[in-house]
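What follows is a short report on a single structure.
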Amino acid sequence: MGSTGTAKKPNKNRVTRIYGSGAQDLAQAADVLARGGILAVPTETVYGLAAHALDEKACRRIFEIKGRPLIDPLIVHIHDLAGANRLAHWNEWADSLAKAFWPGPLTLVLPKKEIVPSLVTAGLDTVAVRMPHHPLLRKLLIMCNLPLAAPSANPFGYLSPTRPEHVLKSFGQKLEHLLDGGPCQIGLESTVVDLSQPHRPAVLRPGPVGPEDISEILGIEVLVETESRMAATTDEKVHSDTRGKPSPGLLHKHYSPGTPLVVLPCQDWTSQESPTKRIAKIAYRKPDQAELSRSSDMFWLTEDGDEQQAAHGLYDLLHKLDSLKFDLILIEPAPEGGLGTVINERLSRATGLKPDTIG
Ligand code: TXA
Ligand code: MG
């Protein structure tokens, strides 16, 4: 995976057709999208399941393939500001944040324009737009010159994919086309910021761009709404929070592996042990030799505490451990701050717990 190379021919059992980074492959991948097809695409955050955002029929297929409820809106990816302006009513905040962080892992929620099908926005009067910086996806966006609706390329509620093999494993024959851009650089989903309410910018999903960076650019403190919304929101009533502008992706259980996952400081791990259970243990930082020689099935997110390395490898490790069929995965919370806070938020969602319950 991650190589260039030419597209493989589908055999009669309908395997997924994989496109590399060569010009001919990109042209074919762009053609799939122009004809209303679905293409899994790399981004710098996680892989996405993309379709022409103005083609309602194609976007409906995304929801079907993912098993995603129609109440959960999609992010639309564009390659320039003109593309964003075509879909959303732009404002000064959007201008400042786009200048500071685009292309990059930041999604802006803005009042939508008529042209965006309401299926894409789940009936909301806002649309989420993002200009990704993954070089291969940028080339594709420019080549096809279409806005691309793309949620993370995982079955609804499952872990996001950070490698092409995660996407292939999850969807099998349901997915006809995949653009192989190798492993995703960041490994956590974009920050989602709601700029649709006058005077109240709010982070709906924490991510690689931190709230303090956003506040500094806007010159106003951005609200971080995820925790209060999670407390106030149930899976059934995602359309009725206090702002009337929900982020349905805040459903309680999300980003989960199939194996039960418990977030627990290392010193409490023994409380979960039992002679009949096979337990995988994930420390944040590589344990010392003495510790490693005492325990089996030990894993870690970083060698030396580097938060980018931890974020980059988190979902990949959970995907691997999930396929090894442990009875339980124990994971130590990341140190709070920066990407550590985002990792902990995703872990709390994977276990269905609120962030303050994981320490
Ligand atoms: O990094 C990412 O954002 C990846 C890559 C593929 O770009 N995409 C992604 O998409 O994570 P998805 O669909 O898995 O998550 C999108 C989040 C969801 O929580 C969704 O509810 C929220 O964005 N969202 C989308 N449109 C919205 C809107 N109009 N208002 C509020 N939240 C919205
Ligand atoms: Mg997702």
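The values are calculated or read from the model by the stated rules, or taken from the named source; none is laboratory data. Values in this document were obtained by computation on a predicted structure and should not be read as measured data. Note that each Cβ is placed from the backbone with ideal geometry, even for glycine, and that neighbours are counted across all protein chains shown. Ligands, DNA and RNA are excluded from the accessible area calculation, which covers all protein heavy atoms including side chains. Shrake-Rupley method; radii C 1.70, N 1.55, O 1.52, S 1.80 Å.
For the reader, a short list of remarks on this structure follows.
- Computed over segment 261-357, relative contact order equals 37 percent, with contacts defined as Cα pairs under 8 Å that lie 6+ residues apart.
- Taking segment 78-172 and dividing mean pair separation by its residue count, relative contact order in percent (alpha carbons under 8 Å, at least six apart): 28
- Gain in span if fully extended, A100 to R294, counting 0.36 nm per residue against the direct Cα distance: 65.1 nm
- With N counted as the residues of segment 1-160, its alpha-carbon radius of gyration over 2.2 N^0.38 Å works out to 1.01.
- Of every Cα-Cα pair in the chain, the percent that sits beyond 35 Å: 22
- In this structure, N91 and R60 have a Cβ-Cβ separation that, at R0 = 25 Å, corresponds to a calculated FRET efficiency of about 0.25.
- Segment 17-230, accessible surface, carbon-and-sulfur percent (1.4 angstrom probe): 53
- Segment 261-357 - accessible surface per residue (Å², probe 1.4 Å): 48
- Magnitude of the charge dipole for the chain, about its Cα centre and with charges confined to Cβ atoms of Lys, Arg (+1) and Asp, Glu (-1), is about 1620 debye.
- Residue-wise HN-Hα coupling along segment 18-25, computed from phi with Karplus coefficients 6.51, -1.76, 1.60 (Hz; x: Gly, Pro): 10, 9, x, 9, x, 4, 5, 4
- Carbon/sulfur fraction of accessible area - segment 261-357, other protein chains in place, 1.4 Å, %: 50
- With at most 13 neighbouring Cβ atoms within 10 Å, loop GluC sites (Glu not before Pro) (DSSP) excluded, longest segment of the chain: 1-113
- Remark: segment 17-230 carries 36 Å² of accessible area per residue (probe radius 1.4 Å; ligands, DNA and RNA excluded).
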